Structures are given as C-alpha cells and as structure tokens.
Amino acid sequence: MTSTNKVALVTAAAGVGIGAAVTARLAMDGYDVVVTDVHERRCREAAEKLSAEHGRDFLAVPLDVADETAVRSAIDAVMEHHGRLDVLVNNAGWSKIEPVAEMSLATWQKCLDVDLTGTFLCTRYALPHMIDAGSGAIVNISSIAAYETSTVHGAAYSAAKAGVLALTRVTAAENGRHGIRANAITPGLIYNDFLRKIYPDEFFTGYAENQSKLGRIGQPEDVAGLVAFLASDQAGYITGETYGVSGGVHPHG
Ligand SMILES: NC(=O)c1ccc[n+]([C@@H]2O[C@H](COP(=O)([O-])OP(=O)(O)OC[C@H]3O[C@@H](n4cnc5c(N)ncnc54)[C@H](O)[C@@H]3O)[C@@H](O)[C@H]2O)c1
C-alpha cells in the first residue's frame, strides 16, 4: 500500500541535535517520517515518541549509514512499508579531531565512511525510487567545516564535509531532469546537549560573542526550518545549492 502522505527518511534521527529537530519538524509538516539511527534502542524510542505525539505510526529503521547492505535493506523496508520515498535527509556525521601529522588512518577512514560515504550510499539507494516516481528532494547536512582554513574541525571532517558539497552538486546535475532536487546546508555551531557535555563553556560563549553576527549560537530548529523549506515544493527551482545556517559566520555568495 502506498502512503498518502509524503515520506521522508532522516538519518541519525535519534540524537539530541539536528536530526531529531528535522524529524520533529517534518512530522509536524505532515510527512510520514522514517526514523533511522545507528543506535537501535534510541531509534525505536524516537519513533515511539513521535507516534505518541502525533497519534499516528512512525517507522523506525536502525541504520548505520556506512554499511551498504544495511542502507539497501533500509530503503527496501521504506518502500515495502510506505511504497514511496519523497525526501531524504542525510544528517549522519561523525568526527574526531586529530592534527594531520598525528591522525590515524582509522580516524580518517571512519570520518569519510560516515560523513561522505554514508551520504553517498543513502543517496545511491534512494535515487532509483525517486527516479521511478519522477520526483524527490535530497537535503545533505554538511558543515562550515567544508570551508575550513583553521585548526578547529580537523582535516578528516572538513574533507568529508567538503566532499558532501561536491556530491550534492553532481547529484543535482545528474537528476534534475528526473524531477529530483539535491541541496546542502552548512551549519555553524549548533547547540545540543551532547556537545554541551564534551566542550567547555568558552566553546559556546566564544562563538556566540566573538563569531556569530547574531550574538548567539544556533539551535537545531534553525537548521530544521531550512531543511523543511528545501524539501518542500516551495523550493521547486532550487537545486545544487549550498546554504549556510551559521549566524553569519561563513557567508557565501
Ligand atoms: N552540531 C553542530 O554544531 C554541527 C555543526 C555543523 C554540522 N553538523 C552536522 O550536523 C549533523 C548532525 O549533527 P548533530 O550534532 O546535530 O547531532 P545529531 O543528534 O543530529 O546526530 C547524532 C546522532 O548520529 C548518530 N550516528 C552516528 N553515527 C552514525 C552512523 N554511522 N549511522 C547512523 N547514525 C549515526 C548517533 O547515534 C546520534 O544519535 C552531522 O552531520 C554534523 O556533522 C553539526
């Protein structure tokens, strides 16, 4: 049976940051959101929470985006359950900051695997269904780290996130004639409770006071609003683009 609502798959949707905010926003906008995350228990709990809040069922599919077999199965599960896939939000990201001169191959590889290859794999297996349908929207969460000229984010993360921007543009170029749009977002510092635990106060106050033109750091909802817009028909003539949500820290254009 094909869902009457549009269906959106969000990766890394069971955390405390952008993924969860995007999921909440798209559910509010009426999408049948497929909640995916590498953490199985939190993935199921996040879908249950959404179901309770909205009084309708949301599908949970535990998923490590770096695992090709798992990605293929997840997309199959969405098609089996909902019969359509309208929106893909590639939100999963991972990083560990090590200087290049000391970086282990394991760090480099895992970052590339999750941030870049994971985005590729989900896109790769979603696209044939979108092509069949003649429509679709893909939103990739990159980072201002893609434009890095400092030591802040580390080379692996910056390289992976820059790769996401290139992947986005080529995906857009190849698939526009199929009615599919692909865009990327480059957030600056976006608050979440996990980051709050691992970074000192100065990390947040420094960005808010010295870098952000708005005197505050971003909230996950700031990114979710742009994802919702780019996923919607209101953004029907927008593809291959990159938009910042950084409080003016990294303006482009
Ligand atoms: N928070 C920021 O300041 C910030 C800034 C720029 C870009 N970003 C990007 O935004 C995205 C979301 O980050 P966030 O900080 O809002 O956290 P988030 O809460 O949205 O994501 C964390 C979740 O990712 C999941 N995850 C980790 N590895 C995974 C994998 N291999 N497959 C599937 N799920 C996986 C974790 O289980 C966790 O639930 C990431 O791509 C990140 O690089 C974040």
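Taking 0.36 nm per residue of sequence separation and subtracting the Cα-Cα distance, how much length would be gained by fully extending the chain between GLN234 and HIS39, in nm to one decimal?
66.9 nm
Its DSSP H runs of at least 4 residues, each contributing -39,500 (n - 2.57), put the calculated 222 nm mean residue ellipticity of the chain at -13500 deg cm²/dmol, to the nearest 500.
For segment 169-229, the normalised intensity computed at q = 0.14, 0.15 Å⁻¹ comes to -0.56, -0.60 (log10 of I(q)/I(0), Debye sum over alpha carbons, equal scatterers, no solvent).
Taking all Cα pairs closer than 8 Å and separated by 6 or more residues, the relative contact order of segment 1-102 comes to 34 percent.
Give me SER150, SER212, SER158, SER246 ranked fewest to most by other Cβ atoms within 10 Å of their Cβ, as a rough exposure proxy.
Result, fewest neighbours first: SER150, SER212, SER158, SER246.
Lys-Lys pairs in the chain that are eight or more residues apart or on separate chains and whose Cα atoms lie under 29 Å of each other come to 12. The MET103 and ALA173 beta-carbon pair, evaluated with R₀ = 35 Å, returns a calculated FRET efficiency of approximately 0.65. Ordering 163-175, 180-192 by mean Cβ neighbour count within 10 Å, with the highest value first, yields 180-192, 163-175.
Extending 7 Å from Cα along the Cβ direction at TYR199 and again at LYS96 yields two label points whose distance is 1.9 nm. Largest GNM mean-square fluctuation among GLY236, GLY17, GLY93, using the chain with Cα springs under 10 Å: GLY236.
For the chain, the direction-averaged projected area of the alpha-carbon convex hull comes to 13.4 nm². Put a dot 7 Å past the Cα of ASP76, heading toward its Cβ, do the same for GLN211, and the two dots end up 4.2 nm apart.
Grouping the Cα pair distances of segment 201-245 into 5 Å bins from zero gives a pair-distance distribution of 5, 19, 21, 18, 13, 13, 8, 3, 1 percent in increasing distance order.
FYI, it's all coordinate maths here, none of it is from the lab. Note that the structure is predicted; figures quoted are calculated from it, not measured. Note that we place each Cβ from the backbone using ideal geometry, even for glycine, and neighbour counts take in every protein chain shown.
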